[in-house]
Amino acid sequence: MNKGALILGIETSCDESAVAILRCSADGNSEVLLELVSSQTELHALYGGVVPELASREHMRNLPLLVDKGLSDAKLSLRDIGAIGVTVGPGLKGCLLIGALFAQGLALPGKIPLYGINHIEGHVLSVVLDNPGLSFPYLALVVSGGHTEIQIVRAVGQYELVARTTDDAAGEAFDKSANLMGFEYPGGAKLAALADTVASSDLKLPKVMREAPGFSFSGLKTAIANLVRHNHEILEQAEFRASLAFAIQDAIVDALLFKLAQAVKDTGIRKIAVCGGVSANKYLQAKLKAKYDQVYLAKSAHCVDNAAMIAFAAQSRRAAGLLPLANPLQIRPRWPLESV
Ligand code: KG4
Ligand code: ZN
């Protein structure tokens, strides 16, 4: 096999250690040969959110095992790998450092080209990985636990910010609201599942940030906190809980759709790629598909954090002739996509 055709992806920016091997054929197609994820959700659930130091330690323990297992499951050795892509930002400092250092250790002895990849670039390109027919330009709605933004994706390496959250991310808004309702962290998907058991709600929550340029979910969180406080005794009633979950989901999705509609109007681009953990939300998907003809999603394993999207971003940059970072050890905990 052509050595340049295999790319190892490594992702450790938050609480998932992930490794993937991507095979790229001469006709430009990419196939995920193997992907492994070690999630730390259960560990962090004990603390109600991600604890950075614990996350770093878990990566340190898990990443070498995952790489070994990945190569051995794929019946490959490091010598077969033509390039490595590793997330160097944005994300948690210690977590990024462990991924970057480990990748450097793998790359240096055999002089394997090493690409430092932006995690959000991985997310916006993950939709192309799973929908090879998706052509540029498109609007990427990035909705995860740590990020919420709309980017114009003009080409690989050409990104233009349209809107970004000024406080919480959409997934965070789901998780914090779920927490106020008594769900265990991360409660976003649990809240969504309860919301989907009803078709409407009489509860009214504020329409968030209609006038300002970015997203903001902190006002919504305050409104939900007040609502929960004043309805504490009926929060145990199944009917009320479902109605509240519906209202919360509707308010978050409404904010996303409102800004997206503005972006479509301002840019004239009607091709929408949705990525990040919240793109798994069925209500959001249904609303988007009802409104737009061209809605693209990554497969569910690639909505959440994964290393296939990092390997694919590395491959896409390589194919576009964008050189590896001079120093992949230089991690960038804050690294806006539009500055890549
Ligand atoms: O992209 P991701 O795996 O991790 C980050 O990079 O943040 O996203 C995780 C986020 C969590 O906040 C989780 O609650 C949320 O995505 N999430 C959902 C759903 N599934 C996952 N939120 C709403 N509805 C869902 N079905
Ligand atoms: Zn992510």
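The values are calculated or read from the model by the stated rules, or taken from the named source; none is laboratory data. What you are looking at is a predicted structure, and each value in this text was computed from that prediction instead of being measured. Cβ coordinates were reconstructed from backbone atoms using ideal geometry, including for glycine residues, and neighbour counts include every protein chain displayed. Surface accessibility is based on the protein's heavy atoms, side chains included, excluding ligands, DNA and RNA. Shrake-Rupley method; radii C 1.70, N 1.55, O 1.52, S 1.80 Å.
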From the list 23, 57, 79, exactly one residue is within 14 Å of residue 314 (Cα to Cα) and not hydrophobic (A, V, I, L, M, F, W, C). Which is it? 23
Residue match in the range 35-53 (condition: more than 30 Å from residue 176 (Cβ to Cβ) and either charged (D, E, K, R) or in contact with an Asp or Glu (Cβ under 6 Å, 6 or more places away or on another chain) (or both)): no
Leading residue by the ranking (nearest to the chain's Cα centre (by Cα)) among those in the range 1-53 that are more than 16 Å from ligand 1 (Cβ to nearest atom) and part of a helix (DSSP H, G or I): 53
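Residue-wise test of (1) assigned to a strand (DSSP E or B); (2) buried (at least 23 other Cβ atoms within 10 Å of the Cβ); (3) within 13 Å of ligand 2 (Cβ to nearest atom); (4) touching a residue at least 12 places away in the same chain (Cβ under 8 Å).
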| position | (1), (2), (3), (4) |
| --- | --- |
| 111 | no, no, no, no |
| 116 | yes, yes, no, yes |
| 122 | no, yes, yes, yes |
| 128 | no, yes, no, yes |
| 136 | no, no, no, yes |
| 173 | no, yes, no, yes |
| 177 | no, yes, no, yes |
Looking at (1) part of a helix (DSSP H, G or I); (2) closer than 17 Å to residue 130 by Cα, which is the only condition residue 288 fails? (2)
Among the residues of the range 281-334 satisfying the criterion of being among the hydroxyl-bearing types (Ser, Thr, Tyr), touching a residue at least 40 places away in the same chain (Cβ under 8 Å) and closer than 27 Å to residue 31 by Cα, which is surrounded by the fewest Cβ atoms within 10 Å (Cβ to Cβ)? 296
Taking the range 138-155 and keeping only residues that are open to solvent by 40 Å² or more (accessible area, probe 1.4 Å) and under 22 Å from residue 11 (Cα atoms), one is left with 145, 146, 147
